[in-house]
Amino acid sequence: MRVLDAFSEAYDKSPEGIWYAPGRVNLIGEHTDYNDGLVLPFAVPWGVTLAASPRQDDTIRLISLQAGTQTIDSLEDAHGWARYPTGVFWALRREGLPVRGADIAIDGDIPEGAGLSSSAALEVATAFALNDLYALAQSPLALARISQLAENDFAGMPCGIMDQATSALAKEGHALLLDCRSLASRHIPFDLPAHGLRLLIINTNVRHALADGQYARRRQECENAAKHLGVPALRDVTDLAGALALLKGDERKRTQHVVTENHRVEALIGLLRANAVTEIGALLNASHLSLRDQFEVSCPELDVAVESALRGGARGARMTGGGFGGSAIALVPADRTESVETTVKAAYADRGWHPPTILTATPAAGAHRLS
Ligand code: GAF
């Protein structure tokens, strides 16, 4: 195993254990997590493998097969990618848990820039490793929250809980229905091949520079809208027409998206329960239009991916994740896979864009110890 070789070579010893945490793709429920709403993601079959041993001091030594080496003597030394694992040490210590340093080697295979949550996978793998190394006895959900805290308050990205919770809690062959207020979750069987379907991930291979700033802004707009409506979060809007009459401009649009997106998650769950998987496409399409027009987080590359996938025979398609690049998903009858891929690639070529990468997503297991 590559990560084992890297660990032994760098530290001249064997690691105490090896852990794995996956990335995620979101089926539906976008920009609802930080509004206390519902999400329905699943883990992808790519992730972060991490070998680690504890240390007697507080130093954190990190080597990544993809991103290089950093030695963290003081937490503020961490920069770039190293802020994610280092943030987990910080967050655990802030919770008063007895965590000292560690020697760590990291290997990852989540497609670069695809918006499939490689940072959450790195945080969750670190959290699972430290939980075992320091006998912290934290639950997977508690480790997901620690990971989110690391990302919010150490790495400085005000994300919700979806990505970390999916990485920590996912189950093979299932999507994860998560209520982001109560944090209650349920594993929903999600077997597309049984229905002659596939879920393609269309990685646009672009990430627009405004992604982080706009994410923080959307979150703020949602919080402002909730304040104007006098509710704790947009999750609590029960009379959408009444709420829209009280709001204007961007806050009105954001509210429209969040409230209808929560309804779409519920509707999609209803279809899955009724074994009507082939009918979920319309909800994916509606989600995309809402993200494009009301939440305004799409971009030309995502819109073209969605439109051309539908033209190629997809039953439904939408952008997935934070937006402004990353990936779209397309629900495709297995026998139309080639047609969808060809149509999407041709649409990109016509515009002179760098080709997208197209992968099939199958729901994979959440974080666990490998050895
Ligand atoms: C990003 C964030 F990290 C998630 O918490 C979520 O808000 C998502 O964007 C949008 O649904 O992945």
Which one of the conditions (1) over 19 Å from His79 (Cβ atoms); (2) surrounded by fewer than 24 Cβ atoms within 10 Å (Cβ to Cβ) does Ser117 fail to meet, given that it meets all the rest?
(2)
What are the residues in region 28-72 that are among the aliphatic types (A, V, I, L, M) and surrounded by fewer than 19 Cβ atoms within 10 Å (Cβ to Cβ), if any?
Leu65, Ala67
Tally of residues being β-branched (Val, Ile, Thr), within 30 Å of Gly249 (Cα to Cα) and crowded, with 24+ Cβ neighbours inside 10 Å across region 298-353:
3
Given the conditions (1) more than 22 Å from Gly196 (Cβ to Cβ); (2) more than 16 Å from the ligand (Cβ to nearest atom); (3) touching a His at 6+ places or on another chain (Cβ under 8 Å); (4) aliphatic (A, V, I, L, M), every one holds for Ala317 apart from (1)
Tally of residues being under 22 Å from Arg264 (Cβ atoms) and under 14 Å from the mean Cα position of the chain (by Cα) across region 162-180
11
How many residues does region 179-207 hold that are farther than 19 Å from Asp33 by Cβ and polar (S, T, N, Q)?
3
Quickly run through region 29-61 and pick out the residues that are under 30 Å from Glu251 (Cα atoms) and more than 10 Å from the ligand (Cβ to nearest atom).
Asp36, Leu38, Leu40, Phe42
Among (1) touching a strand residue (DSSP E or B) at 6+ places or on another chain (Cβ under 7 Å); (2) more than 16 Å from the ligand (Cβ to nearest atom), the one test that Gly113 misses:
(2)
Which residues, counting only those in region 59-97, are out of contact with any strand residue (DSSP E or B) (no Cβ under 9 Å at 6 or more places or on another chain) and either of a type in the set (D, E, K, R) or within 25 Å of Gly366 (Cα to Cα) (or both)?
Glu76, Arg83, Tyr84, Gly87, Val88, Trp90, Ala91, Leu92, Arg93, Arg94, Glu95, Leu97
Scan of region 225-255 for residues that are of a type in the set (Ser, Thr, Tyr) and surrounded by fewer than 19 Cβ atoms within 10 Å (Cβ to Cβ), ordered by number:
Thr238
Could you tell me whether region 342-351 includes any residue that is among the hydroxyl-bearing types (Ser, Thr, Tyr), within 16 Å of the ligand (Cβ to nearest atom) and either within 25 Å of Leu38 (Cα to Cα) or at pLDDT 95 or above (or both)?
no
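The values are calculated or read from the model by the stated rules, or taken from the named source; none is laboratory data. Please read these numbers as outputs of a predicted model, since none were measured by experiment. Cβ sites come from the backbone with ideal geometry, for glycine too, and all protein chains shown count toward neighbours.
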